[in-house]
Amino acid sequence: MSNEWPLWEVFIRGQHGLNHRHVGSLHAPDAELAMRHARDVYTRRNEGVSIWVVPSAQITASAPSDKGPLFEPANDKVYRHPTFYDIPDEVGHM
Amino acid sequence: MYAQMVKSEAANDDPALLAAFQARIDAGERIEPKDWMPDAYRKTLIRQIGQHAHSEIVGQLPEGNWITRAPTLERKAILLAKVQDEAGHGLYLYCAAETLGVTRDDLTEQLLSGRMKYSSIFNYPTLTWADIGAVGWLVDGAAIMNQVPLQRTSFGPYARAMVRICKEESFHQRQGYDLITKMAQGTAEQKAMAQDALNRFWYPSLMMFGPSDKDSVHSTQSMAWKIKINTNDELRQKFVDQTVPQAKYLGLTVPDENLKWNDDKDGWDFSEPDWNEFYDVLKGNGPCNTDRLSARQKAWSDGAWFRDGLMAHAKKAEARRVAAKVAAE
Ligand SMILES: [Fe+2]
Ligand SMILES: [Fe+2]
Ligand SMILES: [Fe+2]
């Protein structure tokens, strides 16, 4: 029972040229079989045109406790959004 | 419901942490694997998602039984695709459970040793081809009733697995109804098979939602945690209301003398299934419990050399790759 296949994360690019998106994970002994399993498990209905598989152990994730320091500084930088600026109607679309 | 009678744990964590956790759930936030969660929430979810996953996997057996005997090539291709989807559902759910810290092998081992359950429905046999129609129509129909609300469950990976699953389930139910329609509109003998399938699968399907609310001991905590969204009786009523007209359309009779439209509740009155039978099947005494478990045990032990062989090959190939890289440097 100790010989479990390692875990892989699966990313798929959909039909319309969007980024690869994380769709789930699976177990496989190596990259080649991870790819085949990903195809069977996650693209049975034309969900994608490209697959990435990444060993889960290779992913570094942010910790929930880092949420504050990582993301809160963006909250008070409203000037980064176009809606912060009033453009006179006479100028037209900008 | 694929997860029946999931025992919930009592939470005994720091009250302040518990309150903050409950507030997140009440606010509709999703709980993610690395977030703090009460130990009882984690354990209950592992049990529920695990039981759900096992049901998808064991659920392949009654239908797989007919793949080689499907009456046409088209029906065979459809059934194969349906059963393959169920394997996929099992895999999505196992992965969701694994994010809670349990391993796949551990889950498998608990199924094979009988410590974890799967839905009682899969302990009934599929005796005729019409049963395959009844399974898609009724069993997948009942599963959908339960799975649609679970797309809003509080645990992120579980909710996302449910979204994928729900997208695929509608095909399952429709192919079943389509199949049984052909039977019901066929020869007298075929119609009798369709009726017989409904007779045998009706009450076991009603049992899928679990015991009546008054006997359902684990619901309150699970509903507060939003890992259960509706009560068993609510979902059962919804299922009956949806299914009765579908049976009528087929010219089939629901095997219940007490079935009667009730204007006041705007729904059907119906007989409860035999709960003694339900508990008996859960205990392991259904018609197919032994077959189902031994089929899973056989698949697991017969596949061991293959799983190990692939892993040994992968390790060797990796060692060779590393050695070649070192030599080149
Ligand atoms: Fe399923
Ligand atoms: Fe199913
Ligand atoms: Fe299904």
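The values are calculated or read from the model by the stated rules, or taken from the named source; none is laboratory data. Note that the structure is predicted; figures quoted are calculated from it, not measured. Cβ: placed from backbone, ideal geometry, glycine included. Neighbour counts: every protein chain shown. Note: areas computed on protein heavy atoms with side chains; ligands, DNA, RNA excluded. Shrake-Rupley method; radii C 1.70, N 1.55, O 1.52, S 1.80 Å.
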request  = Evaluate the charge dipole of region A:30-90 about its Cα centre and quote only its size in Debye, nearest 20, assuming +1 on the Cβ of each Lys and Arg and -1 on the Cβ of each Asp and Glu.
outcome  = 420 debye
query = Taking a quarter of the surface of the convex hull around the Cα atoms of region B:227-313, what do you get in nm²?
reply = 10.6 nm²
Number of Lys pairs (Cα under 19 Å; 8 or more positions apart or on different chains) in region B:172-329 = 13
ask   = Between chains B and A, what is the buried accessible area summed over both chains (1.4 Å probe, protein heavy atoms, nearest 100 Å²)?
value = 2000 Å²
query = What does the charge count near B:G136 come to, summing +1 for each Lys or Arg and -1 for each Asp or Glu among other residues with Cβ under 14 Å from its Cβ?
reply = -4
query = Could you give the accessible area per residue of region B:192-329, probe 1.4 Å, as a whole number in Å²?
reply = 57 Å²
ask   = Name the trypsin sites (Lys or Arg not before Pro) in region B:233-277 that are in a loop by DSSP and that have at most 12 other C-beta atoms within 10 Å, would you?
value = B:K265
key: chain B, accessible surface, carbon-and-sulfur percent (1.4 angstrom probe)   = 56 percent
ask   = Which is the longest part of chain A that has none of the trypsin sites (Lys or Arg not before Pro) sitting in a DSSP loop with at most 16 other Cβ atoms within 10 Å?
value = A:1-43
task = List the trypsin sites (Lys or Arg not before Pro) within region B:11-44 that fall in a DSSP loop (any state other than H, G, I, E or B) and whose Cβ has at most 16 other Cβ atoms within 10 Å.
result = B:K34
task = For region A:10-37, list whatever residues lose no less than 10 Å² of accessible surface once every protein chain is in place, relative to that chain by itself, with the probe at 1.4 Å.
result = A:V23, A:S25, A:H27, A:P29, A:D30, A:L33
query = Using a simple spin-label model with points 7 Å from Cα along the Cα→Cβ vector, what separation in nm is obtained for A:S50 and A:E4?
reply = 3.2 nm
ask   = When averaged across all projection directions, what area in nm² does the alpha-carbon convex hull of the protein assembly as shown cover?
value = 30.2 nm²
inquiry  = Under a Cβ-only charge scheme (Lys and Arg +1, Asp and Glu -1), can you give me the dipole magnitude of region B:71-122 about the Cα centre, in debye to the nearest 20?
reply    = 240 debye
query = Can you pull out the trypsin sites (Lys or Arg not before Pro) in region B:74-127 that DSSP calls coil and that have at most 15 other Cβ atoms within 10 Å?
reply = B:R115
ask   = For B:K214, what charge total do you get from the other residues with a beta carbon under 12 Å from its beta carbon, if Lys and Arg give +1 and Asp and Glu give -1?
value = -4
query = Any idea of the accessible area per residue across region A:13-94, 1.4 Å probe, to the nearest Å²?
reply = 77 Å²
task = Report, in whole Å, the centroid distance computed from the Cα atoms of region B:97-176 and region A:31-73.
result = 24 Å
